[in-house]
């Protein structure tokens, strides 16, 4: 059982969740994760400025790709996709997070539908298990052809 808030295990390759606390970071290595993709912004209330140092000291690959979701763009999604694909290519499970697993949930919807070809209905069912999204997300998904 994960100590991380809003933790969601998608499959053997990807899990998502909220920003881990400093005390929760070691759990990622002991749980078998090999990499972390952090989309949290520097201005988020729970941002950890030393997260990269803590995780790389434990042997995890780390990418900080901050996304301010106030203005969602195709380029923001493409950067997210490329960062995630780069970590997945290195092997081992990847933990993807933002402040509360809202932004990552929205981006993962796109990733699952556009990159993995998962049925929208299945992805939508998983959304029911995760934090609620703001109304802007479905419009963004439609704009990118995922809904």
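Where a number appears in this text, it was derived from the coordinates with a stated rule and is not lab data. Treat the numbers as computed from the prediction; the structure is a model and nothing was measured. Virtual Cβ from ideal backbone geometry, glycine too; neighbours counted across all protein chains shown.
Of the peptides 62-68, 72-78, how do they stack up when ordered by the mean number of other Cβ atoms within 10 Å, highest first?
Working: 62-68: 16.7, 72-78: 15.0.
Peptide ranking by packing, descending: 62-68, 72-78.
For the chain, what does the helix formula give at 222 nm: sum of -39500 (n - 2.57) over DSSP H segments with n ≥ 4, over the residue count, nearest 500 deg cm²/dmol? Could you put the intermediate results ahead of the total?
Values: 6 runs with 53 residues, N = 147.
-10000 deg cm²/dmol, from helical runs alone.
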Region 122-144 versus region 9-62: alpha-carbon centroid distance in Å: 23
Estimated distance in nm for a label pair at residue 62 and residue 132, the labels positioned 7 Å out from Cα along Cα-to-Cβ: 3.4
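I need to check one value: relative contact order of the chain, counting alpha carbon pairs closer than 8 Å and at least 6 residues apart, in percent.
Working: 216 pairs, mean separation 41.5, N = 147.
It comes to 28 percent, rounded to a whole number.
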Average Cα contact separation per residue, region 60-147, under 8 Å, 6 or more apart, as relative contact order %: 27
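Once you have the Cα-Cα distance between residue 13 and residue 46, take 0.36 nm times their residue separation minus that, and quote the gain in nm to one decimal. Kindly include the intermediate steps, with their values, before the conclusion.
Values: separation 33, 0.36 × 33 = 11.88 nm, distance 2.53 nm.
Contour length minus the Cα-Cα distance gives 9.4 nm.
Would you mind classifying region 8-104 by shape? Square roots of the alpha carbon gyration tensor eigenvalues, ordered a ≥ b ≥ c; an a/c under 1.5 is rounded, otherwise it is prolate if a/b is larger than b/c and oblate if not.
Details: a/c = 1.68, a/b = 1.21, b/c = 1.39.
Taking the square roots of the gyration eigenvalues as a ≥ b ≥ c, region 8-104 is oblate.
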